[in-house]
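In what follows, a structure is listed as structure tokens, so that the remarks can point back to it.
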Amino acid sequence: MERSIFTGANLIDGEGPARRDVTVVVEGERIASVVEGPASDARPGDRVIDLAGRTLMPGLILCHFHGTFHDFTTGKAPALGLEHTPAILTLFAEQHVKLALDCGFTSVVSASCPHRIDPSIRDAIDLGLIPGPRLWAASRELCSSGDVVDAQNRLWHYELGNGGTARKADGPEGFRAAVREEIAWGADIVKLNVSGGHGVAPAGELVSMSPEELSAAAEAAHLRGKKVRAHVASRQGVLECARAGFDVIDHADRMDAECIDAILEAGSIVVPSMLYTQRFLSVMEAIDFENEAQAMTGMPRIESARQTVERVRGVREDFEYTRSIVPEAHAAGVPMVIGDDYGTAVLGQGEYAKELEFYVKDVGIAPLDVIRWATRNGAELMGRGAELGTIAEGKYADLLVVDGDPLADMACLQDGDKLLAIMKGGLLVKDQLDAFAIG
Ligand SMILES: [Zn+2]
């Protein structure tokens, strides 16, 4: 079998510190060996690539992704999967999974989709019909009657019922049935919208679902061997999701020390997703709402200029709070991953790698830790830590060759010209390595 041998690599393996002058051998779809020093056993037919100090690292893993989002904004209604036909949304999703792979993301975990689009996109990728990363399909977003998804983004007089991304459920049995049905339709992970807040509005203190509903949803998913994730921003909501055994806690804006203990006990993974909020604030705080009649409000509801200013101020307070608690949670051992609401008005699809630089520069997380979030921890979230996420013998060869050192400057991951090669399962989906081939 033909092998690819990468020598002279600056190896960032997703686990330990970087190592210089490492040789990695890829055979078939897996990594055959990782050894210090030059290649010693090249055979005829092997492709030997001398990276001469360039970086070899695991393919990145994005753990909050909405394939159908395209310039999506809650300011235009109806939204949440009703902004286009299912066919158009599917075509956007096809485009965006390809884009994610082209950006170096070899695995992507969805955070909700309308019209059961994710499972078909996942299957189309696995069948080789379209290019894309390893995709974990999400359910629709389970909400409860009258909560922020049901009532605020989808005004009652639209009479939208269960259309688009939203699916209403009430009572423990209602949630159990909804989770089972979403899994039957192909979801790998089930999403619940547990509290309002995050990004466009303050977290507040409310929880939209009862502890019994949360526990029923988590149990129903786990009994079918699937995972469950929650959009949740309020302190009480984060606490109750962790206690209910949610695998993934999205946003967690107002988590505190008690939440951190509960998260550690439950073994949940947190998606801080702060880049969207930062972008939202940079746009909204530049608008003079008191004097601008046509200002974007971010939500399809009637809101006075003063209320908008108050809302933005609340989001700013949450953001500064989250910026202080995320490093604390990280230091306490809470596993974190990257991923955010790309495809929205303030944060475009394709900007994925900017998140890594953001957590280093704006939140103060060490570069090596951010790399772990974006590789090893993502694989753990998918329950595939033994096969993906790091560079080690026997794992799938999901690899990037980077002309630069992300630990010195994370921005190099945002530059397509510096991503010299992208390998998924031993296959090079991008290959600009001919100049470095020595055999
Ligand atoms: Zn989202």
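The values are calculated or read from the model by the stated rules, or taken from the named source; none is laboratory data. Quick caveat: nothing in here was measured; it's all calculated off a predicted structure. Because the Cβ atoms are built from the backbone with ideal geometry, glycine has one as well, and the counts that use them run over all protein chains shown. We work out accessible area using only protein heavy atoms, side chains counted, and drop any ligands, DNA or RNA first. Shrake-Rupley method; radii C 1.70, N 1.55, O 1.52, S 1.80 Å.
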ask   = Out of 94, 219, 181, any idea which swings most in a Gaussian network model of the chain, alpha carbons joined below 10 Å?
value = 181
query = HN-Hα J couplings of the stretch 272-277 from phi, Karplus 6.51/-1.76/1.60, θ = phi - 60°, integer Hz, Gly and Pro as x?
reply = x, 6, 8, 5, 4, 4
CD proxy at 222 nm, helix term only [per DSSP H run n ≥ 4: -39500 (n - 2.57); per residue of the chain; nearest 500] = -9500 deg cm²/dmol
task = Leaving ligands, DNA and RNA out of it, rank 150, 170 by accessible area with a 1.4 Å probe, largest first.
result = 170, 150
Vicinal HN-Hα couplings computed from phi for the stretch 27-37 (Karplus, 6.51 cos²θ - 1.76 cosθ + 1.60; Hz; Gly/Pro x) = 10, x, 9, 10, 7, 8, 7, 9, 9, 6, x
remark   = If each K or R counts +1 and each D or E counts -1, the residues other than residue 267 whose Cβ falls under 11 Å of its Cβ total -3
message = What is the distance in Å between the Cα centroid of the stretch 359-419 and that of the stretch 323-354?
response = 14
ask   = Measuring from centroid to centroid over Cα atoms, what is the spacing of the stretch 175-214 and the stretch 43-109 in Å?
value = 24
note = With the charge dipole of the chain built from beta-carbon charges (+1 for Lys and Arg, -1 for Asp and Glu) about the Cα centre, the Cα from 37, 346, 138 projecting farthest to the positive end belongs to 138
ask   = Dipole magnitude of the chain about its Cα centre, charges +1 at Lys/Arg Cβ and -1 at Asp/Glu Cβ only, in debye to the nearest 20?
value = 660
request  = Starting at the first residue of the stretch 65-72, write each ³J(HN,Hα) from the Karplus equation 6.51 cos²θ - 1.76 cosθ + 1.60 with θ = phi - 60°, in whole Hz, x for Gly and Pro.
outcome  = 8, 10, x, 8, 5, 9, 6, 6
remark   = Proximal lysine pairs in the chain, meaning Cα under 26 Å and 8 or more positions apart or interchain, come to 29
remark   = For residue 429, the residues 5 or more places away or on another chain with a placed amide H closer than 5 Å to its own amide H are 422, 423, 424
ask   = Against the longest alpha carbon principal axis of the chain, how many degrees, from 0 to 90 and to the nearest 10, is the axis of helix 305-332 turned?
value = 40
message = Taking amide H atoms as placed 1.01 Å from N in the peptide plane, list the residues 5 or more away in sequence, or in a different chain, whose amide H sits under 5 Å from that of residue 21.
response = 9, 10, 11
ask   = Restricting the count to DSSP beta bridges whose residues both fall in the chain, what percent are antiparallel, rounded to a multiple of 5?
value = 45
message = I'd like the orientation of helix 117-126 relative to the chain: the angle between its Cα long axis and the longest Cα principal axis, in ° from 0 to 90, rounded to 10.
response = 10
inquiry  = Could you tell me which residue out of 80, 267, 330 lies farthest along the dipole of the stretch 66-352 toward its positive end? Charges go on the beta carbon: Lys and Arg +1, Asp and Glu -1, centred on the Cα centre.
reply    = 80
